[in-house]
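Have a look at the structure below, then the notes.
A short reminder: the numbers here are calculations on the coordinates, not readings from a lab. Because the structure is a prediction, the values reported are computed rather than measured. Don't worry about glycine lacking a Cβ; one is built from the backbone with ideal geometry, like all the others, and counts go over all protein chains shown.
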Amino acid sequence: DAGVIQSPRHEVTEMGQEVTLRCKPISGHDYLFWYRQTMMRGLELLIYFNNNVPIDDSGMPEDRFSAKMPNASFSTLKIQPSEPRDSAVYFCASSSHSLGRKLFFGSGTQLSVL
Amino acid sequence: QQQVKQSPQSLIVQKGGIPIINCAYENTAFDYFPWYQQFPGKGPALLIAIRPDVSEKKEGRFTISFNKSAKQFSLHIMDSQPGDSATYFCAANGKAAGNKLTFGGGTRVLVKP
C-alpha cells in the first residue's frame, strides 16, 4: 500500500483565495483525521470522520474551514477565504478500528498564505 | 480534561546519552498511550505504545515508563544516536473516543555526534 497520500505537497496562495487540500486514506481504513501543525500550537485535530461521516469538527477554527469525505477513498479540506494565519502544515491521517488505534499520517501539505 | 502536557519542549544530548521526555494526562478514561516520531518534512509515525496495565515497555532502544497513579508516562531513548534527532509526540486515547488521539505539544530532540 502506498500509505496516506496528500496533495499538493506545497501550496502558496494569496490572502483571500480559496485553498483545497486533498487526501487519499489507506484502503480499508474507516477513520480519517485532519490535523494542523504549527510551531506555536503543535498538532491540532481539526476534524475526523468515521465511515465517511464527520464525528467531531470542534477543532475547525472558523466557518472559513470546511471538510468533506464523499467516499471512503477521498477527503478534502477547504479554506475559503484563506488568511496568513492559516499558514501551517496540514496532515491527513487514517486508521482502522479493526487493526487497533495506530494512526498512519501522510507527508502533509505545507500551506503558505501571503 | 482532554489535555496531554508534554515536557520539555526541546532537548539536546550527546551521542550515547539518554533523552527523557515526560507527559502527564488528566482524563482517567485514557487507556492507550502511544509515542510518535516525526522527522523534518514527514508526517508523524508510531514509535511505541503502552497500555496502563503495564509499567514499562521496551522496543529496541526506546522505553516507555508508565505511572498510572501519577497519571504520567515518559519516553527514554537509550544509547541515543544522531539519527534519533526528531520531534517526539506523546498521545493518549480512550475507547469512547474511537481512534481519536489527543497529542502532547511535542519535544524536539537533537542528538549531537
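Quickly run through the range B:1-32 and pick out the residues that are assigned to a strand (DSSP E or B), out of contact with any Pro (no Cβ under 7 Å at 6 or more places or on another chain) and in contact (Cβ under 8 Å) with a residue 60 or more places away in the chain.
Of the range B:1-32, the ones assigned to a strand (DSSP E or B) are B:4-7, B:10-14, B:20-25, B:32.
Going one step further and asking which of them are out of contact with any Pro (no Cβ under 7 Å at 6 or more places or on another chain), we end up with B:4-7, B:10, B:12, B:14, B:20-25, B:32.
Scanning the range B:1-32 gives B:4, B:5, B:6, B:7, B:10, B:12, B:14, B:21, B:23, B:25, B:32.
Please go through the range A:30-46 and give me each residue that is facing chain B (nearest Cβ under 9 Å), out of contact with any Gly (no Cβ under 8 Å at 6 or more places or on another chain) and more than 13 Å from residue A:67 (Cα to Cα), ordered by number.
Restricting attention to the range A:30-46, the residues satisfying the condition of being facing chain B (nearest Cβ under 9 Å) are A:30-31, A:33, A:35, A:37, A:41-45.
The next check asks that each one be out of contact with any Gly (no Cβ under 8 Å at 6 or more places or on another chain); those that pass are A:30, A:33, A:35, A:41.
Listed by number, the residues that qualify are A:30, A:41.
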- Task: Could you please find all residues in the range B:53-71 being part of a strand (DSSP E or B), farther than 11 Å from residue B:19 by Cβ and of a type in the set (A, V, I, L, M, F, W, C)?
- Result: B:64, B:66
- Considering only residues that are hydroxyl-bearing (Ser, Thr, Tyr) and touching an Asp or Glu at 6+ places or on another chain (Cβ under 7 Å), look in the range B:59-93 and name the one that is surrounded by the fewest Cβ atoms within 10 Å (Cβ to Cβ). B:65
- Item | Flag if residue B:53 is charged (D, E, K, R), surrounded by fewer than 16 Cβ atoms within 10 Å (Cβ to Cβ) and either away from chain A (no Cβ under 14 Å) or over 14 Å from the mean Cα position of the chain (by Cα) (or both) | yes
- Query: In the list B:64, B:21, B:77, B:48, which residue meets the criterion of being of a type in the set (A, V, I, L, M), out of contact with any helix residue (DSSP H, G or I) (no Cβ under 6 Å at 6 or more places or on another chain) and more than 14 Å from chain A (Cβ to nearest Cβ)?
  - Reply: B:64
- Could you tell me which numbered condition residue A:34 fails, if it satisfies all but one of (1) closer than 16 Å to residue A:80 by Cα; (2) free of Cβ contacts under 8 Å to residues at least 60 places away in the same chain; (3) not in a loop (DSSP other than H, G, I, E, B)? (1)
- Query: Applying the selection to the range B:72-99, what residues are part of a loop (DSSP other than H, G, I, E, B) and in contact with a Gly (Cβ under 9 Å, 6 or more places away or on another chain)?
  - Reply: B:78, B:79, B:80, B:81, B:99
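How many residues are of a type outside the set (Val, Ile, Thr) and farther than 20 Å from residue A:94 by Cα when one looks only at the range B:41-64? Please lay out each step first, then the result.
Of the residues in the range B:41-64, the ones of a type outside the set (Val, Ile, Thr) are B:41-47, B:49, B:51-53, B:55-62.
Still in the running and farther than 20 Å from residue A:94 by Cα: B:51-53, B:55-62.
Final tally of qualifying residues: 11.
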- Item | Index of the failed condition, residue B:42 passing every other in (1) within 11 Å of chain A (Cβ to nearest Cβ); (2) basic (Lys, Arg); (3) part of a strand (DSSP E or B) | (3)
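So which residues in the range A:89-114 are in a strand (DSSP E or B) and either more than 7 Å from every other protein chain (Cβ to nearest Cβ) or of a type in the set (A, V, I, L, M) (or both)? Reasoning before the result, please.
Within the range A:89-114, the subset in a strand (DSSP E or B) is A:89-95, A:104-105, A:109-113.
Matches in the range A:89-114: A:89, A:90, A:92, A:93, A:94, A:104, A:109, A:110, A:111, A:112, A:113.
Tally time: how many residues in the range A:32-42 are over 11 Å from residue A:75 (Cβ atoms) and either in contact with a Leu (Cβ under 9 Å, 6 or more places away or on another chain) or among the β-branched types (Val, Ile, Thr) (or both)? Even if it seems obvious, please write down each step before you answer.
Taking the range A:32-42 and keeping what is over 11 Å from residue A:75 (Cβ atoms), we get A:35-42.
Subset that is either in contact with a Leu (Cβ under 9 Å, 6 or more places away or on another chain) or among the β-branched types (Val, Ile, Thr) (or both): A:35-38.
The qualifying residues number 4.
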- Message: Can you pull out every residue in the range A:37-68 that is assigned to a strand (DSSP E or B) and of a type in the set (D, E, K, R)?
- Response: A:44, A:56, A:68
